[in-house]
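S.K.: Structure below; questions to follow.
The values are calculated or read from the model by the stated rules, or taken from the named source; none is laboratory data. From a predicted model like this one, the values you see are computed outputs, not experimental measurements. Positions of Cβ are generated from backbone atoms using ideal geometry, with glycine treated the same way; all protein chains shown enter the neighbour counts.
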């Protein structure tokens, strides 16, 4: 038996969100107010919000992706998300990071999004 650290098996590709934080649901609702201009579904239901991490001082870190790297609003959408979340009472600061791993896929959409887009 060795004491050599082994890689963590089952490490999620997407970090877990702070679902137990009191501000979590409000942040989710703020994210639901942001829409991709080319798709009539909000970015949360599209599965573009990967992680909402809220620390004990109410600083919010959001990791999100886009439907495609060449999305015409790639440079703007993280700002739209930050603008939606920052005004929430109690939020100290917001940082939105655009990530490409794992790549977004249609399987990340909620059932509501699939229904709205005619995939169900």
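S.K.: Quick one: which residue in 7, 16, 37 is modelled with pLDDT under 95 and touching a strand residue (DSSP E or B) at 6+ places or on another chain (Cβ under 8 Å)? Give the derivation first.
M.R.: Details: 7 fails: touching a strand residue (DSSP E or B) at 6+ places or on another chain (Cβ under 8 Å); 37 fails: touching a strand residue (DSSP E or B) at 6+ places or on another chain (Cβ under 8 Å).
Exactly one of 7, 16, 37 is modelled with pLDDT under 95 and touching a strand residue (DSSP E or B) at 6+ places or on another chain (Cβ under 8 Å), namely 16.
S.K.: When the residues of the range 28-74 are filtered to those that are more than 10 Å from the chain's Cα centre (by Cα) and not in a loop (DSSP other than H, G, I, E, B), which remaining residue is nearest to residue 118 (Cα to Cα)?
M.R.: 42
S.K.: Being surrounded by 15 or more Cβ atoms within 10 Å (Cβ to Cβ) and within 17 Å of residue 82 (Cβ to Cβ) is the filter here; which residues of the range 27-41 pass it?
M.R.: Step one: filter the range 27-41 for residues surrounded by 15 or more Cβ atoms within 10 Å (Cβ to Cβ), giving 27-28, 30-32, 34-36, 39, 41.
Selection gives 27, 28, 30, 31, 32, 34, 35, 36.
S.K.: Can you work out which of the residues in the range 75-120 that are in a loop (DSSP other than H, G, I, E, B), touching a residue at least 24 places away in the same chain (Cβ under 8 Å) and in contact with a strand residue (DSSP E or B) (Cβ under 7 Å, 6 or more places away or on another chain) is surrounded by the most Cβ atoms within 10 Å (Cβ to Cβ)?
M.R.: For the range 75-120, the residue satisfying everything is 91.
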